[in-house]
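First the structure, in the form of structure tokens, and then the observations on it.
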Amino acid sequence: MRALTGIKPTATPHLGNLLGAIAPALALQEKADAFYFIADYHALTTLQDAERMRQYTREVAATWLALGLDPARTSLFVQSDIPEVTELTWLLACVLGSGALERAHAYKAAQQDGREVNVGTFLYPVLMAADILIYDSNAVPVGKDQKQHVEMARDMAQAFNSRFGEVFVIPEPIIAEAVATIPGLDGRKMSKSYGNTIEVWLPAKQLRKKIMSITTDSRGVDEVKDPDTCNVFALYKLFATPEQIAALAERYRAPGLGYGHAKEELFQVVEARLAPARVRYEHLLAHPEEIDAVLDAGTRRARTIAAGVLARARQAVGFAGAPRRAVM
Ligand code: TRP
């Protein structure tokens, strides 16, 4: 089974991303032939600043490697290093009615706000379909918000196949049943748009400070507390062992534990999980040549597959020089 997903290099990762997307995708590399790429073509629809594009691209690669992406079995690469994907975008655009794109969530939202939409944003789902189909992907792990896009990719693959013959594998979305909603500092879902995130790579001191700012009720040290309605405890459950969870729950239910103590316990388990990865992360950012070596190897594997699938599609539509005539 081949699993493929794209990560947009447009933000610094937070604990919600780590638990909701990165950790499940890394777990999948054990049982799938995984292809994970940095979606810089997609990012360009909104991120139009070369320095930040370069910076975020390196950071995403370093993040995934530091957290356990195994380059020996998983191919990590940058989307724009596979130009075949833009060519396939055109082939797919020609079997898709524009109505489907007008109904896509992101486009509709922009229209409703009266924002001007660039053509890249309009074509976003077609590029994403090309990403998926060009690697003969079977499984596409994504968040709920991307499910519609994977369904559109299936529609394009089916439309193309019924017109031109069996060229594309029909992919399935895998929606990570989030362990739980991951609460942010204010108790709402952790999300960049709420400004309530805890970034993965904060230095220990700042991480501690962020954790200390989590909202709680105003119960004092001597009052008993309910772990099941507490944001601090909800996060603790996502990082601690079952024994640690049971022990802290017991302390909540008896006098003597202040929220400051609970936050300190939370800091300890989060820090224990992140500290070794943080060392690897800092090392990689200081040695970009190590990141590049991984990306080069991933690009070679990805591009070999992409070229084969694109040749099949070119052949199917009747382009004369399939895969492509040589020029020199
Ligand atoms: N659109 C996805 C997101 O915003 C990123 C992405 C681009 C992607 N191409 C993909 C995800 C292909 C899965 C498969 O998160």
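Per residue of segment 59-65, what does 6.51 cos²θ - 1.76 cosθ + 1.60 with θ = phi - 60° give for ³J(HN,Hα)? Whole Hz please, x for Gly and Pro, Karplus curve as stated.
5, 5, 4, 5, 4, 5, 5
Per residue of segment 91-100, what does 6.51 cos²θ - 1.76 cosθ + 1.60 with θ = phi - 60° give for ³J(HN,Hα)? Whole Hz please, x for Gly and Pro, Karplus curve as stated.
4, 6, 4, 7, 10, 10, x, 5, x, 4
As I understand it, the value is the acute angle between the Cα axis of helix 259-286 and the longest principal axis of the Cα atoms of the chain; what does it come to in degrees, rounded to 10?
40 degrees
What is the chain by shape, rounded, prolate or oblate, if you read a ≥ b ≥ c off the alpha carbon gyration tensor as root eigenvalues and call it rounded for a/c under 1.5, prolate for a/b larger than b/c, and oblate otherwise?
prolate
How many percent of DSSP beta bridges within the chain run antiparallel, rounded to 5?
Among the beta bridges of the chain, antiparallel pairing accounts for roughly 10 percent.
So how far, in whole Å, is the C-alpha centre of segment 65-121 from the one of segment 253-320?
Comparing the Cα centres of segment 65-121 and segment 253-320, I get a distance of 19 Å.
Could you list which residues have their amide H under 5 Å from that of residue 78, counting only those 5 or more apart in sequence or on another chain, with H placed in the peptide plane?
Residues meeting the amide H criterion: 38.
Can you divide the C-alpha Rg of segment 204-283 by 2.2 N^0.38 Å and report the result to two decimal places?
1.14
Any lysines with Cα under 16 Å of the residue 263 Cα? List them, leaving off those in the same chain fewer than 8 positions away.
The reachable lysines, counting only those whose Cα sits under 16 Å from residue 263, are 205, 209, 210, 225, 237.
Please list 3J(HN,Hα) in residue order for segment 157-170, calculated via the Karplus relation 6.51 cos²θ - 1.76 cosθ + 1.60 where θ = phi - 60°; whole Hz, with x for glycine and proline.
Taking θ as phi minus 60°, the curve returns 4, 5, 4, 5, 4, 6, 7, 10, x, 6, 9, 10, 6, 8 Hz for segment 157-170.
State in Å² the accessible area per residue of the chain; use a 1.4 Å probe, count heavy atoms of protein chains only, and round to the nearest integer.
49 Å²
Would you mind computing, in nm to one decimal, how far apart the modelled labels at residue 166 and residue 272 are, each placed 7 Å from Cα along Cα→Cβ?
For residue 166 paired with residue 272, the spin-label model returns 5.2 nm.
Calculate, in nm to one decimal, what residue 192 and residue 115 gain on full extension: separation in residues at 0.36 nm each, minus their alpha carbon distance.
The residue 192-residue 115 span can extend by a further 25.7 nm.
Between residue 304 and residue 90, what length in nm is gained on full extension when 0.36 nm per residue of separation is reduced by their alpha carbon distance?
75.1 nm
Are there trypsin sites (Lys or Arg not before Pro) in segment 238-294 that DSSP puts in a loop and that have at most 14 other Cβ atoms within 10 Å, and which ones?
The qualifying sites are 253.
Multiplying the sequence separation of residue 102 and residue 250 by 0.36 nm and subtracting their Cα-Cα distance, what value in nm do you get? Each step should come with its number before you reach the end.
Working: separation 148, 0.36 × 148 = 53.28 nm, distance 5.32 nm.
Gain on extension, residue 102 to residue 250, equals 48.0 nm.
Sequence-distant or interchain residues sharing an amide H contact under 5 Å with residue 34, placed H: which?
3, 75
For residue 289 and residue 72, what does the FRET efficiency come to when R0 = 22 Å and r is the distance between their Cβ atoms, rounded to the nearest 0.05? Mind dumping the intermediate values first?
Details: r = 18 Å, r/R0 = 0.82.
After rounding to 0.05, the efficiency reads 0.75.
Can you show me the helix-derived [θ] at 222 nm for the chain, built from DSSP H runs with n ≥ 4 at -39,500 (n - 2.57) apiece and divided by the number of residues, rounded to the nearest 500.
-16500 deg cm²/dmol
Within segment 152-224, list the trypsin sites (Lys or Arg not before Pro) lying in a DSSP loop whose Cβ has at most 16 other Cβ atoms in a 10 Å radius. Please list the in-between numbers first.
On the way: sites: 154, 163, 188, 189, 192, 205, 208, 209, 210, 219; in loops: 188, 219.
Those satisfying the criteria are 188, 219.
Could you list which residues have their amide H under 5 Å from that of residue 172, counting only those 5 or more apart in sequence or on another chain, with H placed in the peptide plane?
Sorted by chain and number, the residues that satisfy this are 139, 140.
Using label points projected 7 Å from each Cα along Cα→Cβ, tell me how many nm separate residue 205 and residue 30, to one decimal.
So the label points at residue 205 and residue 30 sit 3.8 nm apart.
Set the Förster radius R0 to 41 Å, insert the Cβ-Cβ distance between residue 147 and residue 213 as r into 1/(1 + (r/R0)^6), and round the FRET efficiency to 0.05. Provide the component values of the computation, followed by the final result.
Numbers: r = 33 Å, r/R0 = 0.81.
Result of the calculation: an efficiency of 0.80.
The values are calculated or read from the model by the stated rules, or taken from the named source; none is laboratory data. Quick caveat, the model's predicted, so the values are computed rather than measured. Counting neighbours? That spans all protein chains shown, and the Cβs are built from the backbone with ideal geometry, glycine included. All accessible areas refer to the heavy atoms of the entire protein, side chains included, with ligands and DNA or RNA removed. Shrake-Rupley method; radii C 1.70, N 1.55, O 1.52, S 1.80 Å.
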